[in-house]
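All of the numbers you see were taken from the coordinates with simple rules; none came from a lab. What you see is a predicted model; the values in this text were computed from it and never measured. Heads up, the Cβs are rebuilt from the backbone with ideal geometry, glycines too, and the neighbour counts pull from every protein chain shown.
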Amino acid sequence: MTSHQFEDENNHRWQRLEEVIDAVETKQPHEDIERLPTLFRQICHDLSIAQHRLYDSTIIDRLNRLAIAGYRTLERRLSGGWERFAHLILREFPQTVRQEKKLFWFNTLLFWAPFFFFAIWTPYDPEWAMRLLGPEGMVSIESMYGSHTSPHDYMREEFGSNFMMFAFYIYNNVGIDLRTFAGGLLAGIGTLFIVLFNGAHIGAAAGYVHHACNPQTFYSFVAGHSAPELMGVVISGMAGMRLGLSLIHPGPHDRRTSLVLGGRRALLLILGACILTSIAAVIEGFWSANPMDPWIKYTFGAIVWSLTIAYLGFCGRRSHAA
Amino acid sequence: MTSPNALADTLQTVELADGVEIQLRVAGPAIRSLAWTIDACIAVACYIAAAIIMGMLGVFGMENVWEGVLLLFMFFFNWFYNVFFEMTRHGATPGQRFMGIKVASVNGGPVRLPQSLIRNLLRFIDFMPAFYLFGFLSTLCNQRFQRLGDLVADTVVVYADPKPANPLRVQINATPQPPPHSLSRPEQAVILQFIERAPLWSDDRRIELANLLSPLTGATGPEGLRRLCAIGLYLRQGHPSKKS
């Protein structure tokens, strides 16, 4: 059989599949829509035959195109929508955090070690912290937490509205999370650097407040949003290190497969981290700067910390009875 | 038709679960840069438009709120512009659509949300140190022109449905003749492709190519071409591949 005979004989079937695919693409009803899998298998068969018999490239190209289009149409799934999202938040994300225990402690250390170093050291010797914060950083810390100022007044002056503050925190802090994740692709070095620097910078700010400002103002401001925000930093560090480790230490897989698998896990982690940071942005934007009794804020902060730890520690655990 | 062990080819063979092999035409860095340039222009235009609109709304009060909206817009646009468009049924940003390319899974299927998120969040690294240097180097180091984000997300950028070429049914005036000795499958494929494409070329070019096969045809010039066509017609007519 020549390729033209082959084409003439089977053309009607190929056209049928083309019509069905068009119908699916444009969401029109079509009488043969339920025969799509059958038609697709036939096309695959025809393509194999055409390839084997070395038929004209025009025919092979056409069948190849049809096979790809058919495959894409069949493979198109509706995403799970909100149900899938809830599953991700309530189960997969906290489960993954717990499974990556080593990474969690590693990043916790990576962030908190420089934090405490600077927070404790700075009141005795503020030189390093002042270098790290720079003149502008020091001015903004002093005007926020100084003895005679309040974060509320300062924020109002700087941002003008709570919503603007919220938007800025999303833009800046979630952006940093995403960069921390991406930095993992540089063999983890980008992530290491960002997490260490973040710890040092925040620690320096805390230490500088003890040195030059009113600590109560500072702690009552940060109490509410500190839990989700700092956990977000640590977990985005986990996401980046997951990616970096899959690159450096592929384990039983080849490096390409290891990267793909690690990337999926890292994506779960970074999505969760972004959500934590967004929650922190809501709290920081709409709650933290409000002038209120410090003890209300400390209580609120304690509640948020316990909720965050309970969520990461217990959410999505399977009970043994089930 | 191309042999599977071809060294470097923009046609990448993928085997589907159904056992059939499909071929994806992967897109190289040049056309992708053009698509990116178009998208970058769109992005700049959108930023300017958004800034003007928010500025105008700010005149009527609540200036800071509109600034906040602008910041949020920039955040989402910056990180998720590509994700949004890759999730449409075209699987391509406006720039990519214009250039006729799209994003797909390595197995030829449509790109999924997690894949799209991964490849676009990692774009930040591909862009480093400036203008996609890392991404460019990565595309040169693997057969599928994948940048780093593509490698992690398991995606490729392919040409969207290439235009179906008009089938040429040209009569070749020669009497079919069997080749002097049996030919391997790749050899048969080359000759079949030759007579399929020969009508598109000038006479000189046909003869030039046919001369390369003079060891097979035993002649050069127009006579070699005639014999080559005869062998090609013979292969095309029937049982070409049985002996492989």
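So for the stretch A:3-75, what are the equivalent ellipsoid semi-axes in whole Å, largest first, each being the square root of 5 times an eigenvalue of the Cα gyration tensor?
Numbers: eigenvalues 98, 27, 19 Å².
They are 22, 12, 10 Å, listed largest first.
In peptide A:257-265, what is the residue-averaged number of other protein chain Cβ atoms found within 10 Å of each Cβ?
Mean inter-chain Cβ contacts per residue within 10 Å come to 4.
Report relative contact order for the stretch A:3-75 in percent, whole number only (criteria: Cα-Cα under 8 Å, sequence separation at least 6). All intermediate terms of the calculation are to be shown ahead of the outcome.
Values: 46 pairs, mean separation 29.7, N = 73.
Reported as a whole number, the value is 41 percent.
Please identify every one of the trypsin sites (Lys or Arg not before Pro) in the stretch A:46-100 that sits in a loop by DSSP and has no more than 16 other beta carbons within 10 Å of its own beta carbon.
Passing sites in the stretch A:46-100 are A:Arg76, A:Arg77.
Using 7 Å Cα-to-Cβ label points, what is the B:Asn173/A:His249 separation (nm, one decimal)?
Spacing of the two 7 Å Cα→Cβ label points: 7.5 nm.
Once Rh is set to the Kirkwood radius over Cα pairs, what Stokes-Einstein translational diffusion coefficient, in µm²/s, holds for the stretch A:82-314 at a temperature of 4 °C and a viscosity of 1.567 mPa s? Write down the numbers at each step before the final one.
Details: Rh = 18.4 Å.
This corresponds to a translational diffusion coefficient of 70 µm²/s.
What longest range of chain B stays clear of loop-exposed trypsin sites (Lys or Arg not before Pro) (DSSP non-H/G/I/E/B, at most 10 other C-beta within 10 angstrom)? Each step should come with its number before you reach the end.
Details: sites that count: B:Arg169, B:Lys242, B:Lys243.
Longest stretch, sites excluded: B:1-168.
For A:Lys102, list the aspartates and glutamates whose Cα falls under 20 Å from its own Cα; do not include residues on the same chain fewer than 8 positions away.
A:Glu92, A:Asp177
Which aspartates and glutamates have a Cα less than 19 Å from the Cα of A:Lys297, not counting those fewer than 8 places away in the same chain?
Candidates past the 8-residue exclusion: A:Asp153, A:Glu229, A:Glu284.
So if I place +1 on the C-beta of Lys and Arg and -1 on the C-beta of Asp and Glu, and nothing else carries charge, what would the dipole magnitude of the protein assembly as shown be about its Cα centre? I want it in debye, nearest 20. Mind showing how you got there, number by number?
Numbers: 48 positive and 47 negative charges, 334 e Å.
It works out to roughly 1600 debye.
Averaged across orientations, what area in nm² does the convex hull of the alpha carbons in the protein assembly as shown project? Spell out each step's value before the answer.
Details: hull surface 139.6 nm².
Answer in nm², one decimal: 34.9.
Quick one: the Cα spread of chain B along its three principal axes, in angstroms, biggest first?
87, 35, 32
About the Cα centre of chain B, what is the dipole size in debye to 20, counting +1 per Lys and Arg Cβ and -1 per Asp and Glu Cβ, all else neutral?
Working: 21 positive and 18 negative charges, 152 e Å.
I would put it at about 720 debye.
Could you give the spread of the C-alpha atoms of the stretch A:212-278 along their three principal axes, from largest to smallest, in whole angstroms?
Taking the Cα atoms of the stretch A:212-278, the three principal extents are 54, 24, 12 Å.
Of all trypsin sites (Lys or Arg not before Pro) in the stretch A:287-321, which ones are in loop regions per DSSP and have a Cβ with at most 15 other Cβ atoms within 10 Å? Show your work: numbers first, answer last.
Values: sites: A:Lys297, A:Arg317, A:Arg318; in loops: A:Arg317, A:Arg318.
For trypsin sites (Lys or Arg not before Pro) across the stretch A:287-321 that sit outside H, G, I, E and B with at most 15 neighbouring Cβ atoms in 10 Å, the list reads A:Arg317, A:Arg318.
Most exposed first by the Cβ proxy, i.e. fewest other Cβ within 10 Å, how do A:Thr257, A:Thr277, A:Thr217 rank?
Details: A:Thr257 14, A:Thr277 28, A:Thr217 19.
Result, fewest neighbours first: A:Thr257, A:Thr217, A:Thr277.
With a cut-off of 8 Å between alpha carbons and a minimum separation of six or more residues, what is the relative contact order of the stretch B:1-128 in percent?
Numbers: 105 pairs, mean separation 26.8, N = 128.
Value for the stretch B:1-128: 21 percent.
Contact order normalised by length for chain B, with contacts defined as Cα pairs under 8 Å and 6 or more residues apart; what percent is it?
Over chain B, the number comes to 16 percent.
How large is the charge dipole for chain A, taken about the Cα centre, if only the Cβ atoms of Lys, Arg (+1) and Asp, Glu (-1) carry charge, to the nearest 20 debye? Present the calculation step by step, with values, prior to reporting the outcome.
Numbers: 27 positive and 29 negative charges, 232 e Å.
Dipole magnitude for chain A comes out near 1120 debye.
Using only Cα atoms, what Kirkwood radius does the stretch B:29-159 have, in angstroms?
Working: mean 1/r = 0.0638 Å⁻¹.
The answer is 15.7 Å.
To make sure I understand the rule: partners must be aspartates and glutamates, Cα under 12 Å from the Cα of B:Lys102, and not fewer than 8 residues away in the same chain. Which ones qualify?
B:Glu86, B:Asp161
How far is helix A:3-25 tilted, in degrees, relative to the longest principal axis of the Cα atoms in chain A, given as a value from 0 to 90 rounded to the nearest 10?
Its long axis makes an angle of about 40 degrees.
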